[in-house]
Amino acid sequence: MSSVDTVTLQNIISPIDGSTLATRQLADDSQIEIVLERASHAKSEWRNTTIAERIRLCELMVNYLEANSSDIGLEITQQMGRPIRYTPNEILRGVQERARHMMSIAQRELRDIDVPNVDGFTKFIRRNPVGTVLVVAPWNYPYLTAINSVVPALLSGNTVIMKHASQTLLCAERFSAACSAAGFPDGVFQHVHASHTAVSKMISDKRINFVVFTGSVEGGAAMERAAAGRFIGVGTELGGKDPSYVRADADLSVAIAENVDGSFFNSGQSCCGIERIYVHADVYDDFVDGFINLTREYVLGNPLDAQTTLGPMVNTKSAQFVRDQISAATAQGARAVVSEHEFAASRIDSPYLGPTVLLNVDHSMSVMRDESFGPVIGIMKVSGDQEAVALMNDSPYGLTACLWTQDIERAAALGHLIETGTCFMNRCDYLDPSLVWTGVKDTGSGIALSELGFGPYIKLKSFHLKHS
């Protein structure tokens, strides 16, 4: 291992009780070399495997994950704290839906592209794999986020190396077990537990041909620096501060329920979760009353208990960041109409943080500008569409935005003005696999899912054949 790396062991500290769930050895240079060589040797065989065979093996991989969803759900809960009542659904609803959609369109989207031919010539464009794809996956939705890149990369004929977040190392091992059970050829899918320094060295290695990263803006910038000068793609999904706008004509019962869930599900640790809400003055009071009442129904506690609907945040440091945002906002005049102190399990100096609802907020406050990634929400009153759109766009991020209205034409018109990768109407916090998943501004340049989701993992090659 490089002398820069002083840590050779990585502990998974469970947010449930602070115990060490597992300990893993980080790969040294020689072990990473073996992984890179295996991937390199497997490339030729895998790219020449039929698309039908790749689909078959990916289906078997998904079957393995589904068959083990209960155990996997328990592992997710233990590693990052989401309540056990929800974690199996990461596989049973999200992973299988996204993976099978991409499998269902793979034959059509990966075939040769026909072009108009003239007498004496045969011309077409072939979609070839880029080579080896390095997937650097996050902890908050450890399978959902990873499947967005793993399946299309494999279907496109690439070999894949996964480096999972230090909090969720067991998920990378599960992916390897799933691919092994499916019968993937040796070296086509591998995982590696590695330090940041080791990852940077891998990215600078000529055997890595594309990088996918989901995480912080700072992390994404580090990935791009590591790839500088190599002329390879780096697909990133980074920070977010996703807004919601409740118009005067909204169905309030739907808007309240969905906004509460979008704000606090997974303890607010969702890439496309709602982080700030703007409500038309005409319905503001009724919306706030309903929002407060529904928020108080959450049961904060041990995520292994079936009754728990809100678990701990991933660690105490992350919870303290949110607490600091709340303290700063209240010092600037914000009012907490729901606070963590209303929830018995909420404990200072711990990851257990009850939901907080803030009123009298504005964009001078960090809680309305900077990504919180926790169970806090600020709600602002607005006069109408123009003010709402201006505030929604007042952010360095742009992943999703949601509108609550009964006017679909107005929603489409407003969505056109909002600087974001996805615009929802009357829903939030969901990835439709038939639609492209992407962001703008500091959210990054990644593209996933839909028929466009194969694009990052292919290189186009033109054939211009003149007949004798």
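Given the criterion in contact (Cβ under 8 Å) with a residue 40 or more places away in the chain and farther than 24 Å from V382 by Cβ, identify the matching residue among G220, G240. Walk me through how you get there before you give the answer.
Numbers: G240 fails: farther than 24 Å from V382 by Cβ.
Answer to the selection: G220.
Set side by side, the residues A334, A328 differ, and just one is of a type outside the set (S, T, Y), free of Cβ contacts under 8 Å to residues at least 60 places away in the same chain and out of contact with any helix residue (DSSP H, G or I) (no Cβ under 7 Å at 6 or more places or on another chain), which is A334.
Checking the condition surrounded by fewer than 24 Cβ atoms within 10 Å (Cβ to Cβ), within 26 Å of N315 (Cα to Cα) and not charged (D, E, K, R), which residue from S434, S350, S383 passes? Give the derivation first.
Values: S434 fails: within 26 Å of N315 (Cα to Cα); S383 fails: within 26 Å of N315 (Cα to Cα).
Only one candidate qualifies: S350.
Can you tell me which residue within the stretch 79-109, out of those that are among the charged types (D, E, K, R) and farther than 20 Å from I51 by Cβ, is surrounded by the most Cβ atoms within 10 Å (Cβ to Cβ)? Ranking the qualifying residues of the stretch 79-109, first place goes to R82. Of all residue pairs spaced 6 or more apart or on separate chains, those with beta-carbon atoms under 6 Å, a first member in the stretch 108-133 that is closer than 30 Å to E33 by Cα and a second member that is assigned to a strand (DSSP E or B) are R127/I458; N128/K459; N128/K461; V130/F210; V130/K459; T132/T159; V133/V160; V133/F210. Selection of the stretch 161-194 for residues being aliphatic (A, V, I, L, M) and touching a residue at least 60 places away in the same chain (Cβ under 8 Å) yields I161, L169, L170, A177, A178, A181, A182, V188, V192, A194. Are any of the residues in the stretch 48-69 out of contact with any helix residue (DSSP H, G or I) (no Cβ under 8 Å at 6 or more places or on another chain) and small (G, A, S)? Taking every residue of the stretch 48-69 in turn, at least one turns out to be out of contact with any helix residue (DSSP H, G or I) (no Cβ under 8 Å at 6 or more places or on another chain) and small (G, A, S).
From the list S267, S253, the lone residue that is surrounded by 18 or more Cβ atoms within 10 Å (Cβ to Cβ) and polar (S, T, N, Q) is S267.
Within the set I91, I51, I13, I55, the sole residue that is over 21 Å from T132 (Cα atoms) and touching a residue at least 60 places away in the same chain (Cβ under 8 Å) turns out to be I13. Of all residues in the stretch 188-218, those satisfying the criterion of being surrounded by fewer than 22 Cβ atoms within 10 Å (Cβ to Cβ) and of a type in the set (S, T, Y) are S195, T197, S200, S204, S216. Selection of the stretch 137-185 for residues being in contact with a helix residue (DSSP H, G or I) (Cβ under 7 Å, 6 or more places away or on another chain), in a helix (DSSP H, G or I) and of a type in the set (S, T, N, Q) yields N148, Q167, T168.
Residue count for the stretch 224-251 under the criterion of being outside any loop (DSSP other than H, G, I, E, B) and under 15 Å from C428 (Cβ atoms): the result is 4.
When T438, T422, T405 are checked against the criterion of being assigned by TED's automatic domain parsing to the domain that holds N360 and either closer than 30 Å to A106 by Cα or of a type in the set (G, A, S) (or both), a single residue qualifies: T422. Of everything in the stretch 276-294 that's touching a residue at least 60 places away in the same chain (Cβ under 8 Å) and surrounded by fewer than 18 Cβ atoms within 10 Å (Cβ to Cβ), which residue is farthest from the chain's Cα centre (by Cα)? Among those residues, the one meeting the criterion is A281. The residue list I34, I55, I51 contains one member that is of a type in the set (A, V, I, L, M), exposed (fewer than 15 other Cβ atoms within 10 Å of the Cβ) and at negative phi, which is I34.
The values are calculated or read from the model by the stated rules, or taken from the named source; none is laboratory data. Bear in mind the structure is a predicted one, so any value in this text is a computation, not a measurement. No Cβ is skipped: glycine too gets one built from the backbone with ideal geometry, and neighbour counts run over all protein chains shown.
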